[in-house]
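The values are calculated or read from the model by the stated rules, or taken from the named source; none is laboratory data. Please read these numbers as outputs of a predicted model, since none were measured by experiment. With ideal geometry, Cβ positions are generated from the backbone for all residues, glycine too; neighbour counts draw on all protein chains shown. These accessible areas exclude ligands, DNA and RNA; they are computed on the full protein's heavy atoms, side chains included. Shrake-Rupley method; radii C 1.70, N 1.55, O 1.52, S 1.80 Å.
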Amino acid sequence: FLCPGNFISYNYRENSIVAIVVTLIILLLLFLTYYISVKKIKERRLRKINQVESEKGIQTKISKQNDNIERLLNEQKEQKHKEEKAKADSLLLEQEEQLIALMKNSGGFPVLKCTEFIDDNFIINKPVVSVGRDQSNLLCIPNQNISSKHFEIRFDKGTYKILDKNSLNGVLVNGRKIKDCVLDNGDVITIADVSITFFL
């Protein structure tokens, strides 16, 4: 400190090579410190990105698994529904066959006679016969004055019953308006301007 000027500047002047080397070492250390800290920051960011992507991948896998489970459950429900429907249809068919056999044993199938029919006669060979304007009926009468589902004839405990299906113009049996009644041989069913005779 006895020499004029600063101690560091003095040493730079007197030992310039050593000073340059020391300076370079300091700069190198500073650069290495900066490089390592930047590298660590980048590594942290990369780890976070990888973690987020990994979490997204896990979420996607979980979502796919949930979708697969839901699809399998829906398939099982659908299969169960189909099986139940097939059983119910089979049971209904069996019951229908039993009723048809009873209909045959109780004197054969009754007949509906009307000039509106294609061949004048319609044989009732099912336990339930729907009559109306709509094509879905077993007996379709294409007349605009008749409701889409006008009435039904049902075989029930050895008798044939007629039931009005909330038709617009109603159902008459032998001139009397009915909601439901048992049909006898020769009864005349009137719907709008159509007369149908029931024969046992």
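If you go through region 148-162 and keep only what is surrounded by fewer than 18 Cβ atoms within 10 Å (Cβ to Cβ), of a type outside the set (D, E, K, R) and closer than 19 Å to residue 111 by Cβ, you end up with 158, 159.
Scanning region 85-108 for residues that are open to solvent by less than 90 Å² (accessible area, probe 1.4 Å) and within 14 Å of residue 158 (Cβ to Cβ) gives 99, 100, 101, 103, 106, 107, 108. Checked against the criteria, residue 161 does not count as outside any strand (DSSP E or B), charged (D, E, K, R) and under 41 Å from the mean Cα position of the chain (by Cα). Output yes when any residue across region 68-76 is surrounded by fewer than 10 Cβ atoms within 10 Å (Cβ to Cβ) and part of a helix (DSSP H, G or I), and no when none is. No, the conditions are met nowhere in region 68-76. Scoring residue 115 on the criteria (1) assigned to a helix (DSSP H, G or I); (2) modelled with pLDDT under 85; (3) open to solvent by 100 Å² or more (accessible area, probe 1.4 Å) leaves a single failure, condition (1). Given the structure, is residue 177 in a loop (DSSP other than H, G, I, E, B), of a type in the set (Lys, Arg) and farther than 18 Å from residue 100 by Cβ? No. The single residue among 22, 38, 52, 18 that is open to solvent by less than 100 Å² (accessible area, probe 1.4 Å), in contact with a helix residue (DSSP H, G or I) (Cβ under 8 Å, 6 or more places away or on another chain) and not charged (D, E, K, R) turns out to be 18.
For region 122-131, does any single residue satisfy the condition of being under 39 Å from the mean Cα position of the chain (by Cα), surrounded by 12 or more Cβ atoms within 10 Å (Cβ to Cβ), hydroxyl-bearing (Ser, Thr, Tyr) and not in a loop (DSSP other than H, G, I, E, B)? There is at least one residue in region 122-131 that is under 39 Å from the mean Cα position of the chain (by Cα), surrounded by 12 or more Cβ atoms within 10 Å (Cβ to Cβ), hydroxyl-bearing (Ser, Thr, Tyr) and not in a loop (DSSP other than H, G, I, E, B).
Checked against the criterion of being part of a loop (DSSP other than H, G, I, E, B), within 14 Å of residue 198 (Cα to Cα) and either in contact (Cβ under 8 Å) with a residue 40 or more places away in the chain or open to solvent by 80 Å² or more (accessible area, probe 1.4 Å) (or both), the candidates 145, 185, 166 yield just one match: 185.
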